[in-house]
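Only the coordinates and a few stated rules stand behind these numbers; no lab work does. Here the structure is a predicted model, which means the values were calculated and not measured. So basically every Cβ, Gly included, is an ideal-geometry build from the backbone, and we count neighbours across all protein chains shown.
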Amino acid sequence: MKNVILGLCFFLIGFSALPQIQTNALEKANRLTRGENFKSLSDENGYYFLPHFGMRYGVYSESQFSGNEDLSLYYGLGFGFRKDNLSFESGLSFFHHDSSPAYIEVFGRSLDITGSGSPNLVLPFTFRYDIPTGAVQTVRIGAFLNTNLALFGFNKDDQRRSGQIQTPDRELVDYQLELIKRNPFFFKTGVHSRIRVFKSSFLNLELGQFFTLGANRLYDFTLAEDSPVRISRKWEGLSWTIGGIFPLSVWERKLVKKT
C-alpha cells in the first residue's frame, strides 16, 4: 500500500510539472526562432545606425620635443545604407584636436608659435567594401575610404598674434604670427571588421591612416623686418575606431513586438 501511495505521488508531481516543461520548451523555441529572424534581417540590405568613438595619433616632426603629442579624440553618430558588399555612411562627428605647438628657433630660444586644441564639428562621408567570412559568416572584413569636412570650430583660430622676444643682447624684437589659410578637408583610409553580436547587431572595429592633400592650417611667422617663414599644420596620423552597427529593420521589428 505504501508503494502504491508513493507511486501515485510521483505520478501527480510529474503530471503537474509537464505543462511547465512544455512551456519552457516552447519559450526556448520561440527565442531561437526570433534570434534567427533577427540574424536574417541584419544580413539584409538596408539602413543602419553607427555610433562610434576613436583616437588619432599624429606624428610630431620636431625630434627635440619628443615628449609632445599630436592627438585627436573623436566620436559621433552615423547613418548608413548597405547594399550587398558596399556601404555608404554619413552623419556628424566631434573632433577634439590636441596638437602640440609648433616651435621655431629664435635667438637660441624655442618659441611656441602655434597650437591647436579647438573642438570641431565634422561632416564625414564613408565608402566601405567588405565580405563575410567563416562558415556562419559572423565576421565581415573589408576596407574603407573616409572624407571629412570640418564645418566649424567651437574655438576660433587666432587670425593674428603678435608680441616681442628678447635677443641675446637683451633687446626686444617684435614678431607676428598670421593665419593665412584654412583647409577644412581631411581623409582616412584603412581596414575594418564587423563582428556579429547578439545575432542582431555588429561591432565595428577600424584601423586607419588619416591624411591630407595639403596643410589644414598655414601660418606666416615674421620676425622684425625679416621675410616671413611659412609654417603648416596637418591633421594626419594613425587611428583606431570602435563602434556599433544597429540595422534599422531589426530595431523596427523589436519595437513592433513590444507594442
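Take each peptide in 175-186, 197-208, count the other Cβ atoms within 10 Å of every residue, and average; sorted highest first, the result is 197-208, 175-186. Stretching the chain fully between Val191 and Val229 yields a gain of 9.9 nm (0.36 nm per residue, less the alpha carbon separation).
Here Trp235, Trp251 are placed in order of increasing Cβ neighbour count within 10 Å, fewest first, which gives Trp251, Trp235. From most to least packed by mean Cβ count within 10 Å, the peptides 127-135, 236-244 give 236-244, 127-135.
For Asp43, put the label point 7 Å out on the Cα→Cβ axis and report which residues of region 119-142 keep their amide N under 15 Å from it. From region 119-142, the list is 131-141. Near the amide H of Lys234, within less than 5 Å, lie the amide hydrogens of Asn216, all on another chain or at least 5 residues away, with H placed in the peptide plane.
If R0 is taken as 51 Å, the Cβ-Cβ distance between Lys83 and Asp169 corresponds to a FRET efficiency of 0.15.
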